[in-house]
Amino acid sequence: MKSLLALTLLAASLPAAPLSAMAAQPDLLPVKQISLELARDIAMGAVEACRKDGYTVSAVVLDRAGNVQAALRDSLAARHTLEIAERKAGMSIMSGSDSSEFRAARGDIRPELNHIAGLIVMDGALPIRAAGSLIGAIGVSGAPGGEKDAACAAAALKKVEERLEFAM
């Protein structure tokens with residue numbers, strides 16, 4: 001009974017502002033979502049950039065929630081490159097950063113993260129931002145080295161840079 005009284009007094013002493021602020025939150029939130037067309041163009045841009053360097057890769061674009069929005073596998077790319085590209089992009093969504101930067105900064109938890117479905121800590125994924133919002137990520141796999149995968153992803157983002165910069 002004493003603990004119930006103490007909890008009641010504690011609750012009564014809390015400021016009412018946080019509760020009223022919580023009640024004032026909208027039921028629906030406006031969200032920036034990557035379109036199918038933009039996701040497709042980014043994925044194709046990455047495949048084309050790697051082709052120019054002689055690499056056959058897969059490119060996967062995830063939306064802000066980590067769902068596949070576009071996935072392309074070049075004709076001769078190994079089938080596993082699709083899954084790896086998706087998992088790389090998943091890491092970029094989760095961290096909100098370049099997968100190689102995250103890998104370098106958080107080597108201490110890499111083994112654990114690699115066991116979580118949809119994530120792999122490898123170079124080759126970049127976040128996609130539009131008008132200051134994280135709207136997705138691109139993961140690329142199949143080039144001989146994650147830094148080459150990342151370069152293809154960066155080339156694809158550079159190609160649509162103006163569309164991202166002026167997105168509404």
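Taken together, the values in this text are just the output of simple stated rules run on the coordinates, not laboratory data. Since we're looking at a predicted model, the values are computed, not measured. Neighbour counts are summed over all protein chains in view; Cβ atoms, including those assigned to glycine, are modelled from backbone coordinates with ideal geometry.
Extension gain for the segment Lys158 to Glu112, taken as residue separation times 0.36 nm less the Cα-Cα distance, is 13.3 nm to one decimal. A Cα-only calculation for segment 27-84 places Rg and Dmax at 13.4, 50 Å.
The angle between the Cα long axis of helix 146-159 and the main principal axis of the chain comes to about 80°, on a 0 to 90 degree scale.
Computed over the chain, the per-residue total of -39500 (n - 2.57) for DSSP H runs of n ≥ 4 gives a 222 nm mean residue ellipticity of -14500 deg cm²/dmol, rounded to 500. The orientation-averaged projected area of the convex hull spanned by the Cα atoms of segment 36-165 comes to 7.0 nm². Taking Cα atoms only, the orientation of helix 2-13 departs from the longest principal axis of the chain by about 70 degrees. Rounded to the nearest 0.05, the FRET efficiency derived from the C-beta distance between Phe166 and Lys52 at R0 = 35 Å is 0.85.
Summing charges over neighbours of Leu36, with a neighbour being any other residue whose Cβ is under 15 Å away from its Cβ, gives +1 when K and R count +1 and D and E count -1. Each residue, Ala105 and Ser75, gets one label point 7 Å from its Cα in the Cβ direction; the gap between the two is 4.1 nm.
Listed by chain and number, the lysines whose alpha-carbon sits under 25 Å from that of Lys148, ignoring those within fewer than 8 places in the same chain, are Lys52, Lys88, Lys158, Lys159. Against the main long axis of the alpha-carbon atoms of the chain, helix 80-95 sits at an angle near 40°.
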